[in-house]
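Below is one structure, written out as structure tokens, with a few remarks after it.
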Amino acid sequence: MAITSKTKDTGTAQQQLQRPPAEILYAEQLARLRAQDTDPRPPGWVLGLKAARSFILGDAALGIAPKIVAPVASIERMLVTLATGRGLMLVGEPGTAKSMLSELLATAISGVSTLTIQGGASITEDQIKYGWNYALLINEGPSPRAMVPAPLYLGMQQGQVVRFEEITRAPLEVQDCLLGMLSDRVMAVPELSGEHGMLYAREGFNIIATANTRDRGVNEMSAALKRRFDFETVFPILDFDRELALVQESATRLLAQSGIPKTVPAPVLELLVSTFRDLRGAPAKGDNGNAGDAAMDRLTAVMSTAEAVNVAHAVGVRAWFLEQREGSPADLVDCIAGTVVKDNADDRAKLRRYFEQKAAKRNGPHWRAYYDARHRLP
């Protein structure tokens, strides 16, 4: 599963942003869907389930391009889960667009995707619930005016979806503070009295969390918290042609944003996608599912579609800004090394073996140029 890059919702304001949120990037599409959506909606939702599905997966009749490569049934299950009020947990390999999917879901449901918590070892309960303006706190004592609401408080107060990215990287005590919000839909604020001492969630509030499989076990979720989520696994793209098309579309958009008039040639992108699929154990083009031909040492580095898009962007940037030309197989060798090797010496050796055992046996002038440039590896 991964994002696609087709959109007609561009403008001057967006071009000044490095990474516009979905509600800005697709504002025109959201407005069009809301205007034409006559289906019943779950309480607090800005779109019905069918319109939300169309927003995410596209609707040719309405001129809305797909934003995610994913099974329809999977997206429908996610929407139904969120409509029932249960939390949604997206799990999968790094780089499978879990964060983008959670952003699109939040946008389709609430019209806003920016109530986001980024999990990490240093995150505290105050950062996800609420904090205090200490100048006002000292002068006035605890009061609603002195409170600084965090994403979870705002989501409950406004009836909107909250995204919790990489939840298993957050400490267990921070994770477990979600139990009351997911079960009773209430947040206690002991510092305040009266009606301000309890915050009851409005319709539309829910939580979408993500966790990648490589971080599972860092801070494993408690059984109590797991029971309050429905789990959905996000898989990598299985089809070579769909992955190649996605990388091409996304790289073209990124290069245009970088002010580069050239695109990465199709043969170079084919080299890139084939290399990534080979090194993560997926069949490349022409392997025809032959496991013996496709088998290679798997790397510890993340060989995801998202990383392939980043490499394609780097190839175009390198070729244009250094020599004002389009990317070549030699540029790909230069750019892929930083993604694949990182700081692991074993991965460096595996990548070199890949060129000797796999790239050397592939046919075509672009494969020969790719193999001949192997000396550029660090």
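When the residues of the stretch 327-352 are filtered to those that are of a type in the set (Asp, Glu) and touching a residue at least 40 places away in the same chain (Cβ under 8 Å), which remaining residue is nearest to residue 276 (Cα to Cα)? Checked the stretch 327-352; the qualifying residue nearest to residue 276 (Cα to Cα) is 347.
With respect to the conditions (1) crowded, with 23+ Cβ neighbours inside 10 Å; (2) closer than 23 Å to residue 227 by Cβ; (3) not hydroxyl-bearing (Ser, Thr, Tyr), residue 166 lacks only one, and its number is (1). Of the residues making up the stretch 116-133, those that are in contact (Cβ under 8 Å) with a residue 12 or more places away in the chain and either outside the structural domain of residue 165 (by TED's automatic domain parsing) or loosely packed, with under 15 Cβ neighbours inside 10 Å (or both) are 120, 121, 124, 126, 133. Does the stretch 217-229 contain any residue that is part of a strand (DSSP E or B), surrounded by 12 or more Cβ atoms within 10 Å (Cβ to Cβ) and modelled with pLDDT of 90 or more? Yes, the stretch 217-229 contains a residue that is part of a strand (DSSP E or B), surrounded by 12 or more Cβ atoms within 10 Å (Cβ to Cβ) and modelled with pLDDT of 90 or more.
Would you be able to say whether some residue in the stretch 245-254 is over 20 Å from residue 320 (Cβ atoms) and touching a residue at least 40 places away in the same chain (Cβ under 8 Å)? Taking every residue of the stretch 245-254 in turn, at least one turns out to be over 20 Å from residue 320 (Cβ atoms) and touching a residue at least 40 places away in the same chain (Cβ under 8 Å). Selection of the stretch 144-157 for residues being surrounded by 15 or more Cβ atoms within 10 Å (Cβ to Cβ) and either aliphatic (A, V, I, L, M) or more than 20 Å from residue 125 (Cβ to Cβ) (or both) yields 146, 147, 150, 152, 154, 156. Among the criteria (1) buried (at least 16 other Cβ atoms within 10 Å of the Cβ); (2) free of Cβ contacts under 8 Å to residues at least 12 places away in the same chain, the one residue 190 does not fulfil is (1). Here's a check for you: in the stretch 68-115, which residue that is free of Cβ contacts under 8 Å to residues at least 12 places away in the same chain and outside any loop (DSSP other than H, G, I, E, B) is nearest to residue 242 (Cα to Cα)? Here the residue is 73.
Residues that are part of a helix (DSSP H, G or I) and among the charged types (D, E, K, R) within the stretch 176-190 comprise just one, 176. On the stretch given as the stretch 3-42, residues that are of a type in the set (S, T, N, Q) and at pLDDT below 80 total 8.
Taking (1) modelled with pLDDT under 95; (2) touching a strand residue (DSSP E or B) at 6+ places or on another chain (Cβ under 9 Å); (3) among the small types (Gly, Ala, Ser) in turn, residue 122 satisfies each apart from (2).
The values are calculated or read from the model by the stated rules, or taken from the named source; none is laboratory data. Just so it is clear, the model here is predicted, and its values are computed rather than measured. Neighbour counts run over all protein chains shown; Cβ positions are idealised from the backbone, glycine included.
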